[in-house]
1. Dipole magnitude of chain B about its Cα centre, charges +1 at Lys/Arg Cβ and -1 at Asp/Glu Cβ only, in debye to the nearest 20?
2. In a Debye calculation with equal point scatterers on the alpha-carbon sites of the range A:28-186 and no solvent, what is log10 I(q)/I(0) at q = 0.11, 0.12, 0.15, 0.20 Å⁻¹?
3. With the cut-off at 22 Å, tell me which of the pairs C:Lys127/C:Lys160; B:Lys115/B:Lys151; C:Lys116/C:Lys160; A:Lys179/A:Lys264 have Cα atoms farther apart than that.
4. For A:Gly71, which sequence-distant residues (separation of 5 or more, or a different chain) have an amide H within less than 5 Å of its own amide H, given hydrogens modelled in the peptide plane?
5. Have a look at A:Ser336, A:Gly299, A:Gly350 and report the one farthest towards the positive end of the charge dipole of the range A:281-351, computed about the Cα centre with Cβ charges (Lys/Arg +1, Asp/Glu -1).
6. How big is the antiparallel share of DSSP beta bridges in the range B:239-389, given as a percent to the nearest 5?
7. Can you tell which of A:Leu70, B:Gly9, C:Asn18 lies farthest toward the positive end of the dipole of the protein assembly as shown, using +1 and -1 charges on the Cβ of basic and acidic side chains (Lys, Arg; Asp, Glu)?
8. Ordered by residue, what ³J(HN,Hα) values in Hz, to whole numbers, does the range C:60-73 give under the Karplus form 6.51 cos²θ - 1.76 cosθ + 1.60, where θ = phi - 60° and Gly and Pro are x?
Amino acid sequence: MREVAIVAYAQTPLVRDCGARNDVELVMDVVNAVKQQTGFTNKDLDFFCSGSCDYLGGSAFAFVNALDALGAVPPIAESHVEMDAAWALYEAWLKIQTGHANTALVYGFGKCSQGDLPDVLTLQLDPYYTQPLWPDTISLAALQARALLDAGRITEEDMARVVQKSRRNAMKKSNAQLKGEYSIEQLLAQPMLTSPLRRHDCPPVTDGASAVILATREVAEKLHKRNAYITGIDHRIEAHQLGSRDLLNSSSTKIAGEGAGVKKGKVDIAELHTPFSFQELMVKAALGLDDSTVINPSGGPLAGNIMMSAGLSNFGEVAMRIIKGEANRGVAHATSGACLQQNLVAVLEGK
Amino acid sequence: MGNACAIVGIGQSERYKSKIKKSMAGLVREAALNALADAGCTWADIDAVIIGKAPDFFEGVVMPELFLADALGCVGKPMMRVHTAGSVGGSTAIVAATHIQSGVFKRVLTVAYEKQSESNAMWALSTRQPFSPHLNAGAGGFFAPIIREYKRRTGAPDDIGCKVALKDRTHALKNPHAHMHEPAENLTLENYMDSMMLWDPIRYAEVCPSSDGACAMVLCNEDLAKKSPNKPAWVLGTAMKSEPTMYPWREEVNPQAGINCAKEVYSQAGIVNPRKDLDMAEVYVPFSWYEPMWLENLGFADVGEGWKLSDSGATSLDRGGDIPWNVSGGVLSSNPIGASGMIRFAEAALQVRGMAGERQVPGCKKALGHAYGGGAQFFSMWVVGSEKR
Amino acid sequence: MSEKNIELIECPIVLNYNFSAGRAPTQFLRSMKQGKLVGQRSPLTGKVIVPPRGACPESGQPTTEEVPLPDTGTVITFTIVYLPIPTSALEPPFVVANLVLDGSDQTFIHLVSGCKNEDVQIGMRVKAVWKDKSEWDYSMDNIAYFAPTGEPNVDIVALKASRLEEARRYVKAQGEKK
């Protein structure tokens with residue numbers, strides 16, 4: 001396996017509505033930022049890959065317009081997945097493994113403020129049996145939370161603690177969307193949104209974009225003294241129908257975590273793409289992490305959740321902390337589909 | 001570069017149609033089962049599934065890989081969904097090949113599909129762009145002006161488009177999967193020239209149909225290829241190139257991204273003179289005038305001469321041409337948009353395996369699969385051969 | 001129990017979206033509301049794009065300098081549409097052309113009318129016919145269509161060459177300023 005490091009990362013400020021900025025303008029910021037961080041121009045980048053979802057902004061081929069932000073003249077080798085850009089990173093990582101590329105720029109974006117996100121995400125469901133009933137993502141997550149509570153796996157206090165930690169960690173991040181110091185009592189006093197979820201148990205709607213650059217060891221060593229290498233990466237999907245899978249356990253995360261070799265060493269930090277508070281506890285358990293791991297030092301998705309790029313951002317957040325020497329070994333996780341149907345897990349280590 | 005990658009199974013919908021009476025799950029499963037059968041495999045033998053399709057607006061399902069995981073035997077396995085507009089079928093095949101070439105996977109299933117009858121493809125391609133005049137006349141409206149400019153530059157006679165369409169529709173008669181099986185009395189130049197003008201200079205007869213359908217392939221490494229029941233095809237080269245749809249003074253008739261993509265895939269596959277070194281090509285031609293244009297873009301003919309090559313019969317299997325193009329009938333005879341790229345790639349592989357039945361190009365050893373998407377700005381191509389590199 | 005198999009279900013989907021034009025297009029649309037066409041120039045390539053979309057696609061950099069443009073231009077290519085556009089009130093046949101405004105470098109599409117469809121040609125000189133001022137909004141629709149000016153046709157190959165030269169000169173001049 002070729003050693004691949006994450007050598008640059010940029011993310012737009014996490015905001016509820018980025019206002020009069022279109023996809024191109026969002027993507028330009030992060031693509032140009034990572035190019036500047038590395039000093040790379042398109043000539044130095046062998047492959048480009050992105051993740052986005054047309055339906056978020058409401059126009060077919062939205063990702064085509066975003067290409068303007070790359071300066072693709074002369075033409076570039078480029079691909080796209082209609083998934084969180086963490087999967088675009090996976091495609092780029094595979095490409096580098098073939099030897100066809102040594103460097104790659106990966107980006108994702110989502111302008112969720114334009115549409116009604118919970119309704120848009122309802123369209124992810126089986127179009128014959130489930131979608132016509134229009135269950136929104138929040139209600140589906142609520143079903144999962146209820147199952148966990150009734151099984152005694154989690155308590156409402158557990159959920160509140162996840163939120164408290166997220167808001168607190170986000171205070172260290174200047175461009176996080178939701179931050180602050182809250183007590184458990186304050187949080188539990190809030191009314192239910194869709195029981196048993198309170199508003200703060202749900203991810204905010206966020207507009208934004210993020211980008212990373214991947215590079216092989218030879219290139220990475222010229223950029224940083226210490227680099228964050230992907231030492232394991234795996235992704236798995238579960239059955240779609242909620243009734244066909246175990247909602248109490250994130251089995252695909254467990255398999256992916258084993259495939260990525262999470263337990264081969266101490267995990268200092270983990271950025272988990274768990275949009276609903278209680279899901280952090282599920283993924284933590286599935287990966288076999290304990291309290292010695294700092295989870296979501298960036299605040300996580302509860303502090304800001306760029307659809308189609310939050311998973312990619314997690315790679316950047318972990319990598320930058322490793323490069324700075326704040327951690328040695330970390331886990332980056334991404335999810336897709338209602339109730340954690342699909343999960344991607346990677347281990348990054350400093351060298 | 002990378003590990004060798006073989007194609008050992010190919011499956012398609014039994015027949016591409018404007019409305020296939022299957023659910024989307026049934027549609028992809030049919031193609032996948034056919035590919036698995038060809039490869040002598042079961043679901044359990046597959047390490048990962050790579051699925052591709054064009055905009056989700058075509059069926060009204062966001063990220064359909066999520067609900068199709070079960071139908072494709074993917075529970076507990078990795079699944080990825082590629083989307084590069086019209087070229088997606090090709091890009092998906094390339095991403096699947098990357099899975100094998102990386103050495104990370106041993107055998108994968110790749111599927112591409114479209115069920116455009118579920119929604120309205122013309123509408124999905126002409127959605128109102130906010131703040132712009134509502135003049136998006138679909139794909140035809142976009143490409144017609146470019147074809148007009150090609151005709152102006154080359155002075156090509158008016159009937160070239162119809163001649164190419166006739167050729168592809170004649171080819172289609174030998175392909176049991178093709179959507180359009182036109183009765184013999186329809187297949188005349190006079191009839192085609194008489195058909196309704198849609199977006200001048202594109203006539204109805206020169207336009208692809210709107211189809212439902214799916215195509216699937218099983219790809220594997222060299223060790224597993226040795227055990228496959230049917231002869232494998234080998235990936236000799238893959239390339240993807242993109243450029244912006246619009247930029248100042250963009251050359252739209254002969255896009256640079258297409259030229260560069262072809263150069264790269266030829267270089268990987270050792271193709272120096274495409275017309276001589278390749279035995280056939282499956283090229284994404286949804287509007288028949290694109291055959292002469294792509295003949296030039298892909299280096300089969302000099303700039304300005306593509307239409308002469310089409311006119312000469314060189315690209316016709318029935319006329320004994322030396323470089324048959326689209327013997328499957330091409331996009332002009334079947335167009336489930338998300339699958340069309342993969343159908344091209346699959347047909348090229350089928351041909352070098354010698355398994356194309358009545359439409360087999362004799363002695364086919366090397367073939368090109370080509371797909372393009374967006375405003376003719378996303379290109380994906382592969383060259384496959386009957387022997388490993 | 002009915003003997004008939006269920007083969008089809010209709011599932012209407014209605015989603016509402018609020019579109020934002022983006023910063024660069026917003027500037028353009030504000031000018032349009034005043035009846036002015038204003039393009040933006042790419043600092044790196046010197047080329048003028050109208051309507052601007054935020055980035056210069058060749059360089060991936062924001063377009064910055066505003067460039068007021070006349071409402072005259074040239075037909076680079078076109079089609080005659082015979083098939084109605086879904087949800088559009090326009091009755092075919094009508095001409096949709098790729099036009100380039102004088103002083104700019106990227107085509108946009110608009111209607112060409114005020115003449116027989118068959119008389120439209122590549123290289124034809126056209127001028128905007130604006131709707132009544134009272135109908136003006138933030139949209140290219142303020143221009144009803146482009147009509148021929150009657151000037152002789154332009155050689156579009158020569159036009160492209162001269163515009164590229166113009167852009168080169170601009171970039172060189174910028175470089176010398178520094």
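FYI, it's all coordinate maths here, none of it is from the lab. Every value quoted in this text rests on a predicted model; they were computed, and no experiment measured them. FYI the Cβ positions are ideal-geometry reconstructions off the backbone, even for glycines, and counts take in every protein chain you see.
1. Value, rounded to 20: 700 debye.
2. Per q value, in the given order, log10 I(q)/I(0) is -0.69, -0.80, -1.05, -1.22.
3. B:Lys115/B:Lys151; C:Lys116/C:Lys160; A:Lys179/A:Lys264
4. Distant-sequence amide H within range of A:Gly71: C:Gly60.
5. So the residue we want is A:Gly350.
6. The answer is about 75 percent antiparallel.
7. Projecting each Cα onto the dipole axis, the largest value belongs to A:Leu70.
8. Karplus-based 3J(HN,Hα) across the range C:60-73 equals x, 10, x, 7, 10, 4, 7, 10, x, 10, x, 9, 10, x Hz.
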